[in-house]
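Take a look at the structure below.
The values are calculated or read from the model by the stated rules, or taken from the named source; none is laboratory data. This structure is a prediction, so every number in the text was calculated from the model and none was measured. Neighbour counts run over all protein chains shown; Cβ positions are idealised from the backbone, glycine included. Ligands, DNA and RNA are stripped out before the accessible areas are found, and what is left, the full protein with its side chains, is counted by its heavy atoms. Shrake-Rupley method; radii C 1.70, N 1.55, O 1.52, S 1.80 Å.
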Amino acid sequence: MTESASTDQFTQPDAGRARAHRDFAALSRITERHGATEGRRTRWRHAAILDPYEAVSLVMSLAAGSAEPEHDEEPVDDVDLTAALTLIPRVRAELDALEAGLLDLSRSRGLTWQAIAFGLGLGTPQAARQRFERLAERTRPGS
């Protein structure tokens, strides 16, 4: 047995690296099964306007330089940044509602709190249940 093989069994796994691998595997699976074509990827989008998440992500990517503007596109200015910031509460609320709905659907399909905790990267089933309860409270109409 090599020295690295014998020390690897005593090395604590890197949780962040494991999570990154699961994130990539999750994106790959969903893309292959439900987003393999342009039509599948865009079937839920509005044809004429970006959704709030897309708008914020676009402004952020352009401003940070990770997306290239087209040759005739105006550069991101302070008003664009303010507009993107204005959308953050809506993006957060939509994400909370999406997560609460997915958690509710997962439970109704028989997923255990342990499985849900694993999917969310939480340490215990109790943490997953508490997260769901907080989200349900925040997303309840009139809250």
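Taking the stated definitions as given, is E54 acidic (D, E), under 22 Å from L98 (Cβ atoms), part of a helix (DSSP H, G or I) and open to solvent by 90 Å² or more (accessible area, probe 1.4 Å)?
Details: acidic (D, E): yes; under 22 Å from L98 (Cβ atoms): yes; part of a helix (DSSP H, G or I): yes; open to solvent by 90 Å² or more (accessible area, probe 1.4 Å): no.
Judged against the criteria, E54 is not a match.
Filtered by the rule that a residue be of a type outside the set (S, T, Y), open to solvent by less than 100 Å² (accessible area, probe 1.4 Å) and either in contact with a Lys or Arg (Cβ under 7 Å, 6 or more places away or on another chain) or not in a helix (DSSP H, G or I) (or both), the stretch 36-45 gives a lone residue, A36.
So which of E99, E94 is assigned to a helix (DSSP H, G or I), closer than 28 Å to L135 by Cα and touching a Lys or Arg at 6+ places or on another chain (Cβ under 9 Å)?
E99
Within the stretch 66-86, is even one residue of a type in the set (S, T, N, Q), assigned to a loop (DSSP other than H, G, I, E, B) and modelled with pLDDT of 95 or more? Give the derivation first.
Of all residues in the stretch 66-86, those of a type in the set (S, T, N, Q) come to 66, 82, 86.
Remaining after also requiring assigned to a loop (DSSP other than H, G, I, E, B): 66.
Filter again for modelled with pLDDT of 95 or more, leaving 66.
Yes - at least one qualifying residue is present in the stretch 66-86.
For the structure I just gave you, tell me whether A48 is part of a loop (DSSP other than H, G, I, E, B), of a type in the set (G, A, S), surrounded by 10 or more Cβ atoms within 10 Å (Cβ to Cβ) and out of contact with any Phe, Trp or Tyr (no Cβ under 7 Å at 6 or more places or on another chain). Answer is no for this residue.
Residues in the stretch 76-113 that are open to solvent by 80 Å² or more (accessible area, probe 1.4 Å), touching a residue at least 12 places away in the same chain (Cβ under 8 Å) and not charged (D, E, K, R): L95 only.
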